[in-house]
Every structure is written in structure tokens, then in C-alpha cells.
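J.: Have a look at this one before I ask anything.
The values are calculated or read from the model by the stated rules, or taken from the named source; none is laboratory data. Please read all numbers here as calculations on a predicted model, not as lab measurements. Methodologically, a virtual Cβ is constructed for each residue, glycine included, from the backbone with ideal geometry; neighbour enumeration extends over all protein chains shown.
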């Protein structure tokens, strides 16, 4: 079975642009979470979705948004990019959430110039 | 103060040494996760535990719920164990994961 997949793997954008990152969970998993990992730090929680509903949101500005589709894949959108948005964006899937084992995708490395 | 604290932040060991990484947390949790992250970013789940002790190969994880503390032990360490080890807790409100800052382990041959 395929693991969690994310696309693209790398992305370079300029300030002010917007970006869409995609995540496909493991088959059967209904929960997807998004994390931002700035170089040298641990990941920070951005969003969690379960059964297409937002279950949790971290301390990120409204420029960050996400959604989950009927097939449980997910998109993370970031508008009006800032230099500080440069990071590794990780997606994790699980059956229902943080009470279950988390399976991480390889991440999307976003560079904002 | 971070809700999840790991120690040490960096650790260098000789091959064969017994290694311990500690994690303390201050929030109510549903589960605690130990994760391994290799250069390039990929994260692998090592353990998820809510009580007691789990063992997988040379890795052992323990948790003390009353003391809000967990340890990850590596026996007979090997250079391929070199990675960043991250402790993360599943918050019992909302289900999000809260991560520690990670422990960078380097095992020298």
C-alpha cells in the first residue's frame, strides 16, 4: 500500500504569491493534519481535518487555510506569502487523529524569496 | 516554557553505547509519540504509547503518566541510529500533536 504522499516535493515562490500544497492519506485513513517545520525547530500544528470537517486549528494567521475532500485528500493553501513562511510542510494521516499512530508524508519544502 | 520539553537537545555517542532521550510535558494528553526524522525531512513513527512500556528491536519507550515524563532508550547504538528524535503529545482537547524541539543524535563508529 502507498504511504502518505505529498506534492510538490519542493517549491519556490516569491513574497505575496499564494501556494497550494497537496496531501493524499493512506487508504482508509480519515484524518489529515498539517504541520509547519521551520529549520532547526520541531513541527508546529496548523490544521487537523477529520471526515472533511476542521477539527483543530493552530496559531496561524488567516492566510493559511485548508480543506479535505470526499476522498480524504487535503489541500493546504497559503496566501500572501511571507519570507517567514519558508519551511517544510508536513502532512500526517491517521485513522481518526492524535489518539492513533501518525503516518507522515515526505513533506513539501517551500522557499519564499 | 514549551508544553513539551526534550533533553538533551544534542547527543553524541560512540557505537554500542546505551542512549536515553527524555521528554517532559505539561498538558493533558491522550497519547505520546516518539518520532524519528532523518536529514531531508522524512518522519517515521517509532512508538505511540499512553501507559507503561513498549519495545521494538533495540528501541524501548516508557511513559510515566503521573510524572508527565517519557524516555526513549536505544540499546547497542549504531551509526545508522543517527537522526533527530522527536517527542510529540496528542493533546486531549482537539487531538492535535504538540511537538518537542527534537534531540539530534549522532552515533560515531
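J.: Within segment A:6-32, which residues are surrounded by fewer than 16 Cβ atoms within 10 Å (Cβ to Cβ) and within 13 Å of another protein chain (Cβ to nearest Cβ)?
T.: Within segment A:6-32, A:9, A:10 qualify.
J.: Out of everything in segment B:55-82 that is out of contact with any helix residue (DSSP H, G or I) (no Cβ under 7 Å at 6 or more places or on another chain) and surrounded by 20 or more Cβ atoms within 10 Å (Cβ to Cβ), what residue ends up being farthest from residue A:40 (Cα to Cα)? Spell out how you get there, then give the answer.
T.: Of the residues in segment B:55-82, the ones out of contact with any helix residue (DSSP H, G or I) (no Cβ under 7 Å at 6 or more places or on another chain) are B:55-73, B:75-82.
Filter once more, keeping what is surrounded by 20 or more Cβ atoms within 10 Å (Cβ to Cβ): B:61, B:63, B:70, B:72, B:77.
Numbers: B:61: 24, B:63: 26, B:70: 22, B:72: 21, B:77: 24 Å.
Filtering segment B:55-82 for residues that are out of contact with any helix residue (DSSP H, G or I) (no Cβ under 7 Å at 6 or more places or on another chain) and surrounded by 20 or more Cβ atoms within 10 Å (Cβ to Cβ), the one farthest from residue A:40 (Cα to Cα) comes out as B:63.
J.: Restricting attention to segment B:72-102, which residues are under 11 Å from the mean Cα position of the chain (by Cα) and either outside any strand (DSSP E or B) or at the interface with chain A (Cβ under 10 Å from one of its Cβ atoms) (or both)?
T.: Correct list: B:84, B:86, B:87, B:88, B:89, B:99, B:100, B:101, B:102.
J.: I would also like to ask the following. Over 22 Å from residue B:41 (Cβ atoms) and either out of contact with any helix residue (DSSP H, G or I) (no Cβ under 6 Å at 6 or more places or on another chain) or surrounded by 16 or more Cβ atoms within 10 Å (Cβ to Cβ) (or both): which single residue out of A:50, A:35 fits that description?
T.: Result: A:50 is the single residue among A:50, A:35 that is over 22 Å from residue B:41 (Cβ atoms) and either out of contact with any helix residue (DSSP H, G or I) (no Cβ under 6 Å at 6 or more places or on another chain) or surrounded by 16 or more Cβ atoms within 10 Å (Cβ to Cβ) (or both).
J.: Hey, another quick one. Can you pull out the residues in segment A:1-23 that are part of a strand (DSSP E or B) and under 24 Å from residue A:63 (Cβ atoms)?
T.: A:6, A:7, A:10, A:11, A:12, A:13, A:19, A:20, A:21, A:22, A:23
J.: If a residue counts only when it is modelled with pLDDT of 95 or more, which strands (runs of 3 or more DSSP E) contained entirely in segment A:50-113 have at least 1 such residues?
T.: The strands (runs of 3 or more DSSP E) meeting that bar are A:64-68, A:74-78, A:87-94, A:108-112.
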